[in-house]
Every structure is written in C-alpha cells, then in structure tokens.
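Visitor: This structure is in structure tokens; I'll ask about it shortly.
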C-alpha cells in the first residue's frame, strides 16, 4: 500500500516530538470551527511539540463539488473529477494556515503535490505509493507548522489524484509514518471509538484503548469514525493513532493499540446500511445432476469463490453469505449498494446454469466484532435477535466478525439487541 516508504522495522525517528493532527470536515465546517481547531493546534505546539496538520474539506464541500459537476455532465472523466474535488481541501488548508498565523505561529499550506505525496493513477480511489518529506522536513526545521491537504496526491504524470472517501485519514497516518512522528491524532466530532454508534445505541460505551485489528473490522463493517484503509496503514506501518474530539479536546479519546484485546471477546457493533445482496438461483437439472448433498455444497462453494474472484478483478469487493433458510441451488453475494448494478451486469455475463439472478435491496449488515468469533457468539447473537422478532436473512462468519443481514428497517433494533446482550456479558465478567 505504501510500497516505497521505509520498512516498518526501520523506526529511527526523524522528529521525535512531532504529532500529526488531522481535522475532518465536521471539525472545519465553519470559519469559527477552523479557528477553534487552530487553537487546539496552538495549544499542542505550546507544549513543545512540532505539529503537522492535515485537513479535510469543509463539511459537505466535496458533495457540493460533485453536484456542481453533475450540473455540467453525468459522464465526467474521473481525472477531471479528482482535479475538482481536490480544491475543497486546498481551501481548508489555506484558511487553517491563516488562522494559525493569526495566533502568532509561522505556518504554510501544502497541497498533495507540494507535500510530495505520490499515488497511482486510480482516480477517485488512488493508493499512496511514496512520500517525499523534504519540503515538510525543511518547514518543520524552520519552525513552521505545515498544513497539508488530506485526501489527495499526485500521479507520476503530475495529475491530481484523490484517495477516496475518508482519504484524509490515510494521508495523515501515511505522513506520520513517513516522518516517523510520535503519533497521529485524528480529530472528529465524537470523543473516540464507541462500542456502537451512540446515535443508534444509547448505552454504547467509549473505549479508552482498542485493539487495532478489531478496529479494522469495525471500520470495514460500517463504523465511520476512522477510514478502514487508514487503519490498515496504521497496522502495517506501526503508527500510533489516537481518535479524539475537536469539540472536547481535553478528552484523551481512544488509542489504537496492538494490545488490549477486547474483554470477553466483545469489541462492538457496527451497522452498514449501504449493502445489497445478489441472489443467483442455479438450474437444478444442470448444476445438480449429481444429487449428493456434499457434492452440491462443494460445487456451490467453488462457484461462489470464482464469482467473488471475478468481481474483485473488476474492482468490486464482495463477500460470500449464507441464507438462514439454505438452498443448495442458490448463491448469495453481498456487495456495496453503489456497486450492485455493475456487479449484476458482470455476473450476468458469466456462463452458469442460471435460472434467475436478482438484487435484494433494503438490507443492512449488522456486525458483531470481537477478539475471536466462536460458535457461542453465533448462537447468542441469533437468540438475541430472535427475541426481538428480527427477520434474519443471511450470515457471514469470520475470525473476528459475525455479519448478520437483516431488513434495513430493523437494523437499529438488531444493533441494540446485540449490544444489550454482549455488552452486559462483558460488564458482568
């Protein structure tokens, strides 16, 4: 993911007292909030730390820029969309630098090109390949606070590229690794990482520390506090990350750590409402000429794996799920809502003895994340949701995640049912 940066084992610190501080769009939504964020940076600098600031676009700016593009065309080239969307972070960076200057600090803004962030050419979802820190190093050495645009970089051809939704987190953590900073603080609108979204589950509790592998599962499952790709970078590059609140800066937030595995195997609940399932019904006579159930199951599994591999090769992530009412002649694959139509088009071109293929909408994936998923987790989760009368549609089981697919209208009820059972088990223990 960050192929040309130093190896994780090479941890010689360039700036031992440097902290990368990233502020999200909600934290920068207005001029007053930008000033407030600048005061947080100023207070940290006053404690003797060197600071590198990374900023997202001011709240909703990226969506507004996309809407502007759609007023022109619905078929804009991804290269031009990236050049447009990158302007939002540049506004934030220059305003933050000005705010810091007003507080008496020397500060300079840097876009992705100036910060030396090189990416591949996957516009809209680019991967950082290397970071040349020479400009940032010179800036820090001269006593300046650099303010870097998140979410963007530059290709080998000098084109502006963006890193996808939540890409500013990735920028911040990658920069922290590149300069071997003490840590990276991600400032957002919540106090840290909770056992569930407090807007959905009122008795969710905040983690003071959370295992980074378990955090990655939460992020992949729909928890939106930290971008999943950035957590992968932090895990792979051994970057210390703390998630904190811009609106409650005295709170220490949540530290992501390689230790601190969840007590009694419970980390949290995540809800992903942006999911569809693709149902593929196979022709019984052609696919199941050998009626032995074991053979059917093996052939079905092989087919599911082939279809998932085909989608991955097209850039679409898919997971194999099992229906609660199994049918040996039906295959179910879960994909994101925005990719479901394209996934169906790709799969429709595959030569299979298929009777029917359709998209199942109005779903949500409710995930239980733990240090290790066991059969007991599955049994308890199903019982907890059955008590609430929730219609269980499909399930997927992983080492640290149990994913259950339910009707979208019942997603919040399912999250509360799971949290009530497993949080109580954790507290009782």
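Visitor: Counting only residues that are more than 22 Å from the chain's Cα centre (by Cα) and part of a strand (DSSP E or B), which one in the stretch 277-292 is modelled with the lowest pLDDT?
Guide: The qualifying residue modelled with the lowest pLDDT is 282.
Visitor: If residue 390 satisfies all but one of (1) touching a residue at least 60 places away in the same chain (Cβ under 8 Å); (2) more than 27 Å from residue 345 (Cα to Cα); (3) touching a strand residue (DSSP E or B) at 6+ places or on another chain (Cβ under 6 Å), what's the number of the condition it fails?
Guide: (1)
Visitor: Only one of (1) in contact with a strand residue (DSSP E or B) (Cβ under 6 Å, 6 or more places away or on another chain); (2) surrounded by fewer than 17 Cβ atoms within 10 Å (Cβ to Cβ); (3) touching a residue at least 60 places away in the same chain (Cβ under 8 Å) is not met by residue 102, so which one is it?
Guide: The number of the failed condition is (1).
Visitor: While we're looking at this one, here's another question. Residue 274 - would you say it is over 17 Å from the mean Cα position of the chain (by Cα) and either in a loop (DSSP other than H, G, I, E, B) or on the phi < 0 side of the Ramachandran plot (or both)?
Guide: For residue 274, the condition - over 17 Å from the mean Cα position of the chain (by Cα) and either in a loop (DSSP other than H, G, I, E, B) or on the phi < 0 side of the Ramachandran plot (or both) - is not met.
Visitor: Take the stretch 146-157 and flag every residue that is more than 22 Å from residue 38 (Cβ to Cβ) and either within 27 Å of the chain's Cα centre (by Cα) or surrounded by 10 or more Cβ atoms within 10 Å (Cβ to Cβ) (or both).
Guide: Within the stretch 146-157, 153, 154, 155, 156 meet the criteria.
Visitor: What are the residues in the stretch 353-389 that are over 27 Å from residue 307 (Cβ atoms), assigned to a loop (DSSP other than H, G, I, E, B) and under 27 Å from the mean Cα position of the chain (by Cα), if any?
Guide: Selection gives 370, 371, 372, 374.
Visitor: Residues that are in the same structural domain as residue 35 (by TED's automatic domain parsing) and surrounded by fewer than 18 Cβ atoms within 10 Å (Cβ to Cβ): list the helices (runs of 4 or more DSSP H) wholly contained in the stretch 163-271 that include at least 3 such residues.
Guide: none
Okay, residues lined up against (1) out of contact with any strand residue (DSSP E or B) (no Cβ under 9 Å at 6 or more places or on another chain); (2) at pLDDT 95 or above; (3) farther than 19 Å from residue 196 by Cβ:
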| site | (1), (2), (3) |
| --- | --- |
| 328 | no, no, yes |
| 347 | no, no, yes |
| 352 | no, no, yes |
| 370 | no, no, no |
| 399 | yes, no, yes |
| 411 | no, yes, no |
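Visitor: So residue 316 fits all but one of (1) closer than 20 Å to residue 220 by Cα; (2) over 19 Å from the mean Cα position of the chain (by Cα); (3) without any contact (Cβ under 8 Å) to a residue 40 or more places away in the chain; what number is the exception?
Guide: (2)
Visitor: Does residue 409 satisfy being within 26 Å of the chain's Cα centre (by Cα), in the same structural domain as residue 334 (by TED's automatic domain parsing), in contact (Cβ under 8 Å) with a residue 12 or more places away in the chain and surrounded by 15 or more Cβ atoms within 10 Å (Cβ to Cβ)?
Guide: Taking the combined requirement at face value, the residue does not satisfy it.
Visitor: Kindly evaluate residue 423 against the criterion of being at negative phi and either crowded, with 21+ Cβ neighbours inside 10 Å or at pLDDT 95 or above (or both).
Guide: Here the answer is no, as residue 423 does not meet what is asked.
Visitor: Still on this model: Among the residues of the stretch 121-145, which ones are assigned to a loop (DSSP other than H, G, I, E, B) and surrounded by 15 or more Cβ atoms within 10 Å (Cβ to Cβ)?
Guide: 122, 123, 124, 125, 126, 127, 133, 144
Visitor: Can you tell me how many residues within the stretch 81-99 are touching a helix residue (DSSP H, G or I) at 6+ places or on another chain (Cβ under 8 Å) and either over 14 Å from residue 161 (Cβ atoms) or surrounded by fewer than 16 Cβ atoms within 10 Å (Cβ to Cβ) (or both)?
Guide: Result for the stretch 81-99: 6.
Visitor: Inspect the stretch 351-360 for any residue being touching a helix residue (DSSP H, G or I) at 6+ places or on another chain (Cβ under 7 Å) and surrounded by fewer than 16 Cβ atoms within 10 Å (Cβ to Cβ) and give the result as yes or no.
Guide: Yes, that holds for at least one residue.
Visitor: With the checklist (1) assigned to a helix (DSSP H, G or I); (2) over 22 Å from residue 45 (Cβ atoms) in hand, flag the one item residue 153 doesn't pass.
Guide: Of (1) assigned to a helix (DSSP H, G or I); (2) over 22 Å from residue 45 (Cβ atoms), only one is false for residue 153: (1).
Visitor: Give 241, 233 a once-over and let me know the one that is farther than 28 Å from residue 335 by Cβ, under 16 Å from the mean Cα position of the chain (by Cα) and touching a residue at least 60 places away in the same chain (Cβ under 8 Å).
Guide: From the options 241, 233, the qualifying one is 241.
Visitor: Within the stretch 333-350, work out how many residues are buried (at least 21 other Cβ atoms within 10 Å of the Cβ) and either under 30 Å from residue 422 (Cα atoms) or in the same structural domain as residue 224 (by TED's automatic domain parsing) (or both).
Guide: Residues meeting the conditions: 3.
The values are calculated or read from the model by the stated rules, or taken from the named source; none is laboratory data. Since this is a predicted model, take the numbers as computed values, not measurements. Cβ coordinates were reconstructed from backbone atoms using ideal geometry, including for glycine residues, and neighbour counts include every protein chain displayed.
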